[in-house]
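Chemist: Quick one: this structure, given as structure tokens, is what I'll be asking you about.
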Amino acid sequence: MAVKGSVGTIVGETNPLSFKFLINKEVGRGTYIKARADGRDWTLAQVEDIKRSNSAYSVSQLNDAARNYDSREMMIAEARVIGVGNGGRLQLPTSPARPGDPVFIADERLIKATLGLARGDMYIGLLRGYDIRVELDANTLVQKHCSVLAKTGAGKSYTAAVILEELLERKVALLIIDPHGEYASMKEANSVGDFSRYKVKPRGYDVTVYTPGEMAMNPRADRPFRFNGLNLSAREVSRMIPHESASSGQLGLLYEAIAALRAETDAYTLEDIIEQVVRSNSKSKWNLVGQLESLLDLGLFSGAETPAEELLRPGRAAVIDMTGILPDLQAMIVSRLLTEIFEARKRRLISPGMVVIEEAHNYIPERGTGNAASTNIVRTIAAEGRKFGLGLMVISQRPARVDKNVISQCNTQIIMRVTNPNDLKALSKGLEGMTAELEEEIKRLPPGVAMLVSNEIERPITVNIRPRKSRHGGVSTQIVAKEKQAAGRSAAERAVLAQRGRQGGAARRAPAGEKKSTGSLLKKVLGRKKA
């Protein structure tokens, strides 16, 4: 006989980690339930699977038409024990649940206390199937790093922005590496979302967008981003020259030129390095000169340097918009930038904060999948950043191609839908407690739903991510509407396209006998230094 209010009765063999119960009321997969632990405290468990059977429909009984088939149907649920919330600490029961004991729907208070959902202050969404707020601790997330991993279209950039909104509201300084210009829209309030259900109000945030290229090439940019071009070391310069375009002899010539300058003067520029190389008697110097002149023409080392303290200010996001920048050059920029930020933070010259790297597989590729100049410094921040108040968030749609050393340092992992077998395998290796059931769940997650794995949460949970307060800038372009979009382009966008067309035409009209500069492609992408 069912106990009043119960949803089932424990049946069969039980153990401290799991039990089965006969369902007498509707219960779904993923539902949180409770039963008495050791006959005293409430144990929180979660339904992992449900099976329906009817012995009247077994093969051996199919010829017996006199049976009442419906009366013999039963549903059995398999439940995984989460534990007993005791004084804020999760404990597994020492004895299994008793067969015959009733099972009830878990109340909100027990769920929050047992899972540890009441410890944080960063609201990222609602526990799937419930109106229970999921809140993370801001200090823990920043200090111990975070990763957001999902296949394309699952909502990873949207989810990352939700977290960034919460951090900005808590005056955390953010530096965002943005390859596609998706985060400039955080300046503007959102207008799309179920704001009433999630109890959020649209708003914009303090965001400054920087471009390493020319301002005219990036309509979203607020300011140019520039490095200090004074007293560059041979190592710094060599990192900026594609190694396939420079021989070991030419790199040796570069080291000799800079060593000579250091012996002669206390301050030198990239122009001085070029002049010193030109003075060499080596016949191979001209290719190196061409490479150095290409760097000079970029303008990345000209004008006023962008100071590190400007990039990490409490409550503000500095976005380095890499739109239009070649991948190898992006990695070089990230390498130098993060090295300067990390060194400045170690000396307490800038505010603590968090570095956010979108499309992380391009900047910290897993061994065997690629190389990037930025890999070492990102690994260093992942390993040592927490000691100096510099957090890290990595975002990628290809978990298998992201450096595993970095992912393993992320205490908080937010995983959305992933279906690629290699990516699932990488996740399984990197996540503690990953089971076949969790892997299947990851493959089936709908857009906007994430699995949250954290040492601050007692077990992986699924979350309906709340609507963004700021406008989403990562919407995919609709190819079919291409003509209409082209007709509606802004004047700034039309100017950029016209400039690119002129650059392409100039390249096609180059005299046949003129030697093509090895740096011409970089000049086309970033533009020439203005006089």
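Values quoted throughout were computed directly from the atomic coordinates according to the rules given, and no laboratory measurement underlies them. Given the structure is predicted, the values throughout are model-derived calculations rather than measurements. Because the Cβ atoms are built from the backbone with ideal geometry, glycine has one as well, and the counts that use them run over all protein chains shown.
Chemist: Give me the one-decimal nm value for the distance between modelled label points at Thr94 and Glu188, 7 Å along each residue's Cα-to-Cβ direction.
Modeler: 6.2 nm
Chemist: Let me ask another. Got the relative contact order for the range 307-394 handy, in percent, Cα pairs under 8 Å and 6 or more residues apart?
Modeler: For the range 307-394, the relative contact order is 34 percent.
Chemist: Could you compute the FRET efficiency for Lys199 and Asn376, with r as their C-beta to C-beta distance and R0 at 41 Å, rounded to 0.05?
Modeler: Efficiency at R0 = 41 Å is approximately 0.40.
Chemist: While we're here: What shape does the range 363-438 have by the C-alpha gyration tensor, where a ≥ b ≥ c are the square roots of the eigenvalues, rounded means a/c under 1.5, and otherwise prolate means a/b greater than b/c and oblate the rest?
Modeler: In terms of gyration-tensor shape, oblate.
Chemist: So if I take the centroid of the Cα atoms in the range 275-304 and the same for the range 199-222, what is the distance between those two points in Å?
Modeler: Computed from Cα coordinates, the inter-centre distance equals 33 Å.
Chemist: What shape does the range 226-303 take by its C-alpha gyration tensor, where a ≥ b ≥ c are the square roots of the eigenvalues and a/c under 1.5 counts as rounded, a/b above b/c as prolate, and the rest as oblate?
Modeler: Oblate is the answer for the range 226-303, as a/c is 1.5 or above yet b/c matches or exceeds a/b.
Chemist: When the dipole is taken about the Cα centre of the range 262-319, and only Lys, Arg (+1) and Asp, Glu (-1) are charged at their Cβ, what size is it in debye, to the nearest 20?
Modeler: 260 debye
Chemist: What FRET efficiency, computed as 1/(1 + (r/R0)^6) with R0 = 30 Å and r the Cβ-Cβ distance, is obtained for Ser247 and Asp222, rounded to the nearest 0.05?
Modeler: Efficiency, rounded to the nearest 0.05: 0.15.
Chemist: Another question, then. Cut-off is 10 Å between beta-carbons; in what order do Trp42, Trp286 appear when sorted fewest neighbours first?
Modeler: Trp286, Trp42
Chemist: What whole-number distance in Å separates the alpha-carbon centres of the range 316-384 and the range 33-55?
Modeler: Centre-to-centre (Cα) distance: 47 Å.
Chemist: Then there's this: Taking the Cβ of Asn228 as the centre, find all other residues whose Cβ is under 9 Å away and add up their charges (Lys, Arg: +1; Asp, Glu: -1).
Modeler: That works out to -1.
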